[in-house]
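The values are calculated or read from the model by the stated rules, or taken from the named source; none is laboratory data. From a predicted model like this one, the values you see are computed outputs, not experimental measurements. With ideal geometry, Cβ positions are generated from the backbone for all residues, glycine too; neighbour counts draw on all protein chains shown. Accessible surface is based on the protein model in full, side chains and every heavy atom, while ligands, DNA and RNA are left aside. Shrake-Rupley method; radii C 1.70, N 1.55, O 1.52, S 1.80 Å.
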Amino acid sequence: MKKGKGLCSFLLAVCVIIGMCLSAEPWHVEAASGYKKIETNGTTIKAGKYYLKNVGGSICISAKKESGFQKTPIGPFAYGNGSQAFYVKDYVLYKYTYSSRKESLVKKLPAKGAANDPDLSFYISEVYGNQIYLTKGSQGQWKNWTYSYNIKTKKLKKLLSNCKINARYGKYIIGQNEYRTDVSAYPITLYKAQSSGLKKIKKLTSYGWEPTFAGRKLYYVSGADSSMKKATLYRCNLNGSGRRKIKTFSTSQQYGQVLIYNITSKSCEVSKDGKLYRYTYATKKMKKIM
């Protein structure tokens, strides 16, 4: 990629991603069953009878919304419900119980060779029903693996190689089938969560990015090749059927790329040629926003 235009596109992409993180809505969980990713984003979030917030980089808990917060050992990529949270630290899956304020070891995770692979990591990618889905990744090996831990049976199982979970809506799960560390295209596969693991429904694209569930539909971007100079936004049913093309975007710049972000059921944002646009599906119009 040519340095000047490449740097401009990269910085624009970073700004978009930061904006996505800062605008994320806080969540609350009333029931003890449903799990959600704990993302406080500087706000106080409700989890059952308790409140969580980030104080000085640590997740803190209180029975009151405005005071009485205590530091917890809850780590990044944690998922919680109204009574407890699960998270990974040092290749170990832990559980933190809100009522007792206690951490307990759940399962030691397979990390053979970690001493010689400093980039080896584990984190929770999704929780559905009794299944905790974990991603194991290694930049040194340029590979991802997906595991599942069953909360009820207490069994850990390796489900897939060359796969990490990117998104979920109900029982439908999106898998990324190649390791990536930068903004680039990758194969996308749609799976269905089952008690035995993940069942492959269909491969959506070989050069895709930004799979998103919105308005009970699945949206994803598919490129013509790995260059990302031409990209088509598609919408389909949750099970992958009924695919329809929304719009194809392209750039004529030699080192240019088309990046699509913030996909909703009504619009998306398109970064190309050093500019950021919002494309509205109903009007089929692009409006420059940056």
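Determine one quarter of the surface area of the Cα convex hull of segment 201-267, which equals its mean projected area, and express it in nm² to one decimal.
4.4
Just report the Cα centroid separation between segment 40-82 and segment 157-193, whole Å.
29
For ARG101, project a label point 7 Å along Cα to C-beta. Then give me every residue of segment 69-88 with its amide nitrogen under 18 Å of that point.
Flagged as within label range: 69-75, 83-85.
Between the helical axis of 3-22 and the dominant principal axis of the chain, each derived from Cα atoms, what acute angle in degrees is found, rounded to the nearest 10?
So the inclination is approximately 40 degrees.
Going by the alpha-carbon gyration tensor, a ≥ b ≥ c the square roots of its eigenvalues, is segment 35-143 rounded (a/c under 1.5) or, if a/c is not under 1.5, prolate (a/b greater than b/c) versus oblate?
In terms of gyration-tensor shape, prolate.
Is the shape of segment 119-274 best called rounded, prolate or oblate, per the rule: a/c under 1.5 gives rounded, else a/b larger than b/c gives prolate, else oblate, with a ≥ b ≥ c the square roots of the Cα gyration tensor eigenvalues? Mind dumping the intermediate values first?
Details: a/c = 2.51, a/b = 1.52, b/c = 1.65.
Here segment 119-274 falls in the oblate category.
Return one whole number: the accessible area per residue of segment 137-290 in Å², for a 1.4 Å probe.
51
Pick from ASP273, ASP117, ASP182 the residue whose mean-square fluctuation is largest in a GNM of the chain, springs joining Cα atoms under 10 Å.
ASP182
Loop-only GluC sites (Glu not before Pro) in segment 103-178, please: DSSP not H, G, I, E or B, and at most 10 other Cβ atoms within 10 Å.
Within segment 103-178, no GluC sites (Glu not before Pro) qualify (loop, at most 10 other Cβ atoms within 10 Å).
Just to confirm the filter: which chymotrypsin sites (Phe, Trp or Tyr not before Pro) across segment 103-172 are DSSP coil and have at most 13 other Cβ within 10 angstrom of their Cβ?
Qualifying residues, ordered by number: TRP142.
Pull out a ≥ b ≥ c, the square roots of the eigenvalues of the alpha-carbon gyration tensor of segment 35-98, then state rounded if a/c is under 1.5, prolate if not and a/b is larger than b/c, and oblate in the remaining case. If you can, show how the numbers build up before the last one.
Details: a/c = 1.76, a/b = 1.45, b/c = 1.21.
Verdict is prolate for segment 35-98.
Could you look at segment 111-165 and say what percent of its accessible area is carbon and sulfur, using a 1.4 Å probe and all protein chains?
Values: 1260 of 2800 Å².
Exposed carbon and sulfur together represent 45 percent of the surface.
Can you give me the convex hull volume of the Cα atoms of segment 234-290, divided per residue and expressed in Å³? Could the numbers behind the result be given before it?
Working: hull volume 5.3 nm³, N = 57.
Dividing the Cα hull volume of segment 234-290 by its residues yields 93 Å³.
If I compute solvent accessible area with a 1.4 Å probe over the protein chains, what percent of it on segment 209-290 is carbon and sulfur?
Answer for segment 209-290 is 43 percent, counting heavy atoms of protein chains only.
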